[in-house]
Amino acid sequence: MERSPNDRAATAEMTTSLDTDFSVSTYDVTSRSIYVKWTKVAGATSYGITASPFTSAAQSAFAVFNPGTIIGTVNTLLPNTNYTVMVEAMDQDGNTLAQAQTLQLTAPEVPVIEQAYSKLSNSITVEWAEVSGATGYQVIAQDGQSFFDSFVTSSPGTVTGLQAATSYKITVRSINSAGKSQPSPPKWATTVLEAPSVTVDSPTSDSISVSWTSVPSSVLYSVSVMRSDGSGTRWNQNTTALSLNFTSLDPGSTYTIKVHAWDANGIPGDDITYNQITRPSAPSDVQITFNSGALEATFYVSGADATTNYTMLLYSGATSEASANCTMSVSPCTISSLHCGIEYNVSLLATNEAGSTPSAKTWSLMSVPCAPSGISVVEENPGNLTVSWASGTLSEYYVVFVKSDDGFEVHCNTTQSPCYFPAECGFIYFMSVFAYNKAGQSPLGELLNYTTAPCCPSDFSTAYVSSDTLEIVWSAVRGAEMYETKADDGTNVILCNDTATVCALSGLQCNTQYNVTVFSYSENRGSNTSCSSKYMKTGPCSPEITNITNIDASSYMIRWDSSNYNAVYAVTVRGQNRLWNCTSSGSSCILESLPCGSMFMVSAVAYTSEGMSLPGYSVPLETAPCCPTNLSVVQVTQSVTNVSWSAATGAKTYTTVLESPKGQAKCHTQEEHCLLGCITCGTSYSVSLEAVSETGLGTQCTYHGYSSSACCPSGVKLYRLSNTGIRVSWRTSATTANYTVNIYGTKGNFTCSPNGSLSYCDVTEIPCGDVYTVVVSPVSDEHNQISFCPQKIYSVTCSGSSLGMVIYRGKRSIT
C-alpha cells in the first residue's frame, strides 16, 4: 500500500495473524515519540514495536515490552515525519503470534522563542522562529496557578487577559494534524503598568487641571496637553506628584490630555487620553428688547459662540438668587411671565461643557407698571358713575375704559383718580383701568361690571300646571341677571330663583289658588319690588282608593276619597296584557269583565280645568282562580279512583271532593291529579273541586256526577260439565250488573257471558290438561269490561277418557 509522505495522521491499520482480534491504535504523539496501544494476545510473552519512516531511508526505532503492558512508546524519532508503526506479539521462543501496524505522523519540531515583550498592561507579544510542518502555534503565559493561552497560525502571537505589572512564564508549542510538540524553552516577560485613573476639569476659561490616582510600582508620571485641532503649543511635563495645572490656554477650546506612568526600568505603561474644553469667556455686550403686552424680554449676545450656551439671569430686589433666567446659543432667548412694576438687574453667564464664566458687567431692565388696584364704581346719583383706583409704582398716567353691554364704549385720560361717566338704567357696564410708563401699558387688571336697576318682566303666564307645580314663563328684560318667582296662598310662601325666564314652583298644595309674582333681580342692585302679581291655581289632588268590593265573579266596585272641586275621576285597572277603565264625577265606579285568576293594580287620577292630578297610590286587586276547563275521573281499583284536571289560571292548590250518601272522599294537593280512596262500588257520587290562589282566595267548581263501577263478584268457582265443558259460577253483589267471564290458558283463551241475571256461565270445547286463569268482571254501562277484578288459577287435569279433575291453584290480582 502506498502512502503520501504529506499524510499527517494515522490512516491505516493492518493485522496479520491467526488472531484477528489483535489491533493497534495511536495513544499519543510528540515531536520525537509515538505512543501506541494494543490488545492482548493469549500466549504472548512479549510485545515489540518497530517505527520505520514511511518514505525516507532514516533509521528505524525499536522497543520491546513485557506481556503485561498494553501501551508502549518508541522514541528518537524525527519531527513532522510519517512512520509505519508495527506491533508484534511473540511467544517465549520468539515466534510471532500476531502483528498489526498503523501509519502515524509525528508532531512538528519544538519552536524556540526569540523575544517576549509587553506593550499593553493586559497582554504580552511573543516572537519565535517558525518550524517546518506546523499548521499553528499555541502561545502560553503562566503566573503561578493562572494560565492564559492563544492560538495563532504564525509568529508573532499575543496572549491577552493578563494582569498589569506582572511577570509571566512564556512558552510556545507547534501544532500539526498529529498533535502538539513539547513546550519551547521558556522566557519571562512582564506586563507594563496600567493607565492611571484621571480626573480633568477647567477651573477657569484659560486653565485645565489634571489629577490622577497613584499607580502601583510607578516612579514617574508623564502628562501632555495640546489643542485637539493640532494648533498652538504642546505642553509636556513629567512629575512624581498626582496633579498638574496648565494655564495660559485659549478660552472655549478643546484640548487633548494624555497621561501614563513609568516603572523603575524606564518602561512606559498604558496611557489614557481625555478631551477637555476650557471654560468660555464672557461677552461684554447684550441687546435687550421688552414686549410690554406679553410681559417678556428678549436677549441677544453680540459675538456669541456656537459652542457656548449663554444664560441671562434677572435679579429683583435685594435677593441673591435670580428670579428668572433663559439660556441661548447664537439665537436670542426670551424670558416670559416677568413681573410688572419692577426694575430688574440683568447679568450674563457663559457656559460650555467645562463650566461657566460670569460677565464682568450688569444691565438694567424696567418692566411696565402693574395694573391699578382698588378699583371701585359707585352711582352717587342715578345716571352718573364714578370710577376710582389706587396709584401704583412706576405709573406715569392712566386710561379708564367703560363699555356698555350694547357695545358702546367711552374712556378718559388722567394722571390721577377718579373719572366720571354717564349711565342708563337697565344696562351692564364693564370698566377697566390701565397704567402707562415708558416701557408700555400695564397688564389687564381687575375688570369691574356695574348693573343698573333691572325692569320688571312685561308679562308672565303658566306653561305647565300639575298638582304640586306651577311652571311660569316670561319674556327677558334688560338688566336682569336673575328672576325671583313667588307664590303665596295666604299661609305659605314659595320662592324660586333662576337666571332663566322660566321657573317651576314645586312642592305646592294641590287644588289651591296662589298669588304669583315675578321679580327681576340684579346682583349689584337687588330686586325690583314694583312688579305686579296674578292668581293661579294648581291641578287637582290625587284621589286615594279606599275600598274595592266584589260584586260578582268578574265585577268590582272601586271607591275613592278626594276633595277636588269640579273634578272628573278616571280609574285604571292594569293587567298583564291590557287595561280596564271606568270614569265618574262622584266617588265610585264599577269595573266589569275582569278575568279570573289574575293580579291587577288599580289606580285613579283626577281631571279639572287646570289639568290632571298625579296618579294615586296603586292598590292590588286579585280575582279568584279560574276553574279547570277539563276534569276526568277514572276508577283504578274497586275502592280507588284517580281524578285529574287541567291547570287552572291563578290556582296554587286544589281540593277535590267525591260525595255520596254513603260517605265522602277528599284530596288536597298542588298537583293536577289526585288519588281518592275508600270509594264504594256501584255508587253515584257528586264531583266538586276548589281552586285556591297563593293568597288563599278560592273558587268552588262543580262538575257532572260520577258513578263507581259495579262490585266484583265473590266465590268464583270452576266445575267440569263434560269432557269438553266447564261451568264458572260466582256470587253477585247487592247491585245488579252484567258480567263477563275470561279464561286464559296455554291451549287457548275463552270468553262467556251469562244471560239475564244468572250467576254462572258455561264454556264448551275447553281442553283439559292445562292451567287456566279465570276472571269474572262486571260490565259498565258503556259496555266496557272492568279490569281490576281478581284472578283465580285452576288446574284442569285429564284422566284417560274420563272427565278429569279441577284443582284450585290460588288467585292473584291483576294490578
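The values are calculated or read from the model by the stated rules, or taken from the named source; none is laboratory data. Being a predicted model, the structure only gives us computed values, none of them experimental. Neighbour counts are summed over all protein chains in view; Cβ atoms, including those assigned to glycine, are modelled from backbone coordinates with ideal geometry. In case anyone asks, the SASA skips ligands and DNA or RNA and just uses the protein heavy atoms, side chains included. Shrake-Rupley method; radii C 1.70, N 1.55, O 1.52, S 1.80 Å.
Within the stretch 625-632, identify whether any single residue is within 17 Å of Tyr703 (Cβ to Cβ), surrounded by 15 or more Cβ atoms within 10 Å (Cβ to Cβ) and touching a Gly at 6+ places or on another chain (Cβ under 8 Å), and answer yes or no. Please lay out each step first, then the result.
Narrowing the stretch 625-632 to residues within 17 Å of Tyr703 (Cβ to Cβ): 625-632.
Cutting the leftovers down to surrounded by 15 or more Cβ atoms within 10 Å (Cβ to Cβ) gives us 625-628, 631.
Of the ones still in play, those that are also touching a Gly at 6+ places or on another chain (Cβ under 8 Å) are 625-626.
Among the residues of the stretch 625-632, at least one is within 17 Å of Tyr703 (Cβ to Cβ), surrounded by 15 or more Cβ atoms within 10 Å (Cβ to Cβ) and touching a Gly at 6+ places or on another chain (Cβ under 8 Å), which makes the answer yes.
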Val657 - would you say it is among the aliphatic types (A, V, I, L, M) and out of contact with any Lys or Arg (no Cβ under 8 Å at 6 or more places or on another chain)? no
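I'm checking my understanding of the structure. Among residues of the stretch 160-187 that are part of a loop (DSSP other than H, G, I, E, B) and touching a Phe, Trp or Tyr at 6+ places or on another chain (Cβ under 9 Å), which one is most open to solvent (accessible area, probe 1.4 Å)? Please lay out each step first, then the result.
From the stretch 160-187, those part of a loop (DSSP other than H, G, I, E, B) are 161-166, 177-178, 181-186; that's our starting set.
Add one more test, that the residue is touching a Phe, Trp or Tyr at 6+ places or on another chain (Cβ under 9 Å), and what stays is 161-162, 184.
On the way: Gly161: 45, Leu162: 12, Ser184: 5 Å².
By that ranking, first place goes to Gly161.
State all residues of the stretch 581-604 that are over 16 Å from Thr549 (Cβ atoms) and open to solvent by 20 Å² or more (accessible area, probe 1.4 Å); if no residue qualifies, say none.
Within the stretch 581-604, the subset over 16 Å from Thr549 (Cβ atoms) is 581, 583, 585, 593, 595-599, 601, 603.
Asn581, Thr583, Ser585, Ser593, Pro595, Cys596, Ser598, Met599, Met601, Ser603, listed by residue number.
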Filtering the stretch 656-692 for residues that are part of a strand (DSSP E or B) and either modelled with pLDDT of 95 or more or at negative phi (or both) leaves a count of 24
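Select, from Tyr310, Tyr274, the only residue that is under 53 Å from the mean Cα position of the chain (by Cα) and within 30 Å of Leu120 (Cβ to Cβ).
Values: Tyr310 fails: within 30 Å of Leu120 (Cβ to Cβ).
Exactly one residue qualifies, and that residue is Tyr274.
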Tally, over the stretch 228-239, of residues that are in contact with a strand residue (DSSP E or B) (Cβ under 6 Å, 6 or more places away or on another chain) and either surrounded by fewer than 16 Cβ atoms within 10 Å (Cβ to Cβ) or at pLDDT 95 or above (or both): 6
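Condition check ((1) open to solvent by 80 Å² or more (accessible area, probe 1.4 Å); (2) modelled with pLDDT under 70; (3) of a type in the set (Val, Ile, Thr); (4) touching a strand residue (DSSP E or B) at 6+ places or on another chain (Cβ under 8 Å)) across all residues:
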{"residue": "Glu765", "(1), (2), (3), (4)": "yes, no, no, yes"}
{"residue": "Tyr772", "(1), (2), (3), (4)": "no, no, no, yes"}
{"residue": "Glu782", "(1), (2), (3), (4)": "yes, yes, no, no"}
{"residue": "Ser787", "(1), (2), (3), (4)": "yes, no, no, yes"}
{"residue": "Gln791", "(1), (2), (3), (4)": "no, no, no, yes"}
Filter the stretch 464-495 down to the residues that are open to solvent by less than 70 Å² (accessible area, probe 1.4 Å), in contact with a strand residue (DSSP E or B) (Cβ under 7 Å, 6 or more places away or on another chain) and under 22 Å from Ser613 (Cα atoms) and list them by number. Val465, Ser466, Thr469, Leu470, Glu471, Ile472, Val473, Ala487, Asp488, Asp489, Ile494
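Just name the residue that is most open to solvent (accessible area, probe 1.4 Å) out of those in the stretch 752-763 that are at pLDDT below 85 and among the small types (Gly, Ala, Ser).
The initial filter retains those residues of the stretch 752-763 that are at pLDDT below 85, namely 755-758.
If we keep only those that are among the small types (Gly, Ala, Ser) too, we end up with 756-757.
Values: Gly756: 60, Ser757: 114 Å².
Looking at residues that are at pLDDT below 85 and among the small types (Gly, Ala, Ser), I get Ser757.
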Which ones in the stretch 670-680 are in contact with a Ser or Thr (Cβ under 7 Å, 6 or more places away or on another chain) and open to solvent by 20 Å² or more (accessible area, probe 1.4 Å)? Gln670, Glu672, His673, Gly677, Cys678, Thr680
Members of the stretch 718-743 that are closer than 12 Å to Leu758 by Cβ, among the polar types (S, T, N, Q) and modelled with pLDDT of 85 or more: Ser729
Restricting attention to the stretch 401-445, the residues that are more than 18 Å from Arg478 (Cα to Cα) and among the aromatic types (Phe, Trp, Tyr) number exactly 5
Please go through (1) within 59 Å of the chain's Cα centre (by Cα); (2) open to solvent by less than 20 Å² (accessible area, probe 1.4 Å) for Leu447 and return the number of the only condition it doesn't satisfy. (2)
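Could you please let me know if Thr637 is touching a Ser or Thr at 6+ places or on another chain (Cβ under 7 Å), free of Cβ contacts under 8 Å to residues at least 24 places away in the same chain and not charged (D, E, K, R)?
On the way: touching a Ser or Thr at 6+ places or on another chain (Cβ under 7 Å): yes; free of Cβ contacts under 8 Å to residues at least 24 places away in the same chain: no; not charged (D, E, K, R): yes.
Here the answer is no, as Thr637 does not meet what is asked.
Yes or no, residue by residue, for (1) closer than 30 Å to Glu130 by Cβ; (2) small (Gly, Ala, Ser); (3) out of contact with any His (no Cβ under 6 Å at 6 or more places or on another chain); (4) assigned to a strand (DSSP E or B):
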position	(1), (2), (3), (4)
Val64	no, no, yes, yes
Thr76	yes, no, yes, no
Pro79	yes, no, yes, no
Val85	yes, no, yes, yes
Ala89	no, yes, yes, yes
Gly94	no, yes, yes, no
Gln99	no, no, yes, yes
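Could you list all residues from the stretch 424-453 that are in contact with a strand residue (DSSP E or B) (Cβ under 8 Å, 6 or more places away or on another chain), in a loop (DSSP other than H, G, I, E, B) and touching a residue at least 24 places away in the same chain (Cβ under 8 Å)? Don't jump to the end; show me each part of the working.
From the stretch 424-453, those in contact with a strand residue (DSSP E or B) (Cβ under 8 Å, 6 or more places away or on another chain) are 424, 427-442, 444-453; that's our starting set.
Subset that is in a loop (DSSP other than H, G, I, E, B): 424, 427, 438-439, 442, 444-447, 452-453.
If the condition is that a residue be in contact with a strand residue (DSSP E or B) (Cβ under 8 Å, 6 or more places away or on another chain), in a loop (DSSP other than H, G, I, E, B) and touching a residue at least 24 places away in the same chain (Cβ under 8 Å), then Glu424, Phe427, Lys438, Ala439, Ser442, Leu444, Gly445, Glu446, Thr452, Ala453 are the ones that fit.
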Among Thr96, Thr55, Thr15, the single one that is at pLDDT below 90 and either open to solvent by 60 Å² or more (accessible area, probe 1.4 Å) or of a type outside the set (Val, Ile, Thr) (or both) is Thr55
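Of all residues in the stretch 326-336, how many are within 28 Å of Asn437 (Cα to Cα) and assigned to a strand (DSSP E or B)? Even if it seems obvious, please write down each step before you answer.
Filtering the stretch 326-336 for residues within 28 Å of Asn437 (Cα to Cα) gives 326, 332-336.
Filter once more, keeping what is assigned to a strand (DSSP E or B): 326, 333-335.
Of the residues in that region, 4 qualify.
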Keeping to the stretch 422-454, report how many residues are among the polar types (S, T, N, Q) and within 26 Å of Glu296 (Cα to Cα). 4
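Within the stretch 371-409, track down each residue that is open to solvent by less than 60 Å² (accessible area, probe 1.4 Å) and farther than 14 Å from Tyr450 by Cβ. So that I can check it myself, show each step before the final result.
To start, the set of residues in the stretch 371-409 that are open to solvent by less than 60 Å² (accessible area, probe 1.4 Å) comprises 371-372, 374-377, 379, 383, 385-390, 392, 394-395, 398-402, 404, 407.
Once the filter is applied, which keeps residues that are open to solvent by less than 60 Å² (accessible area, probe 1.4 Å) and farther than 14 Å from Tyr450 by Cβ, the stretch 371-409 yields Ala371, Pro372, Gly374, Trp389, Ala390, Gly392, Leu394, Ser395, Tyr398, Val399, Gly407.
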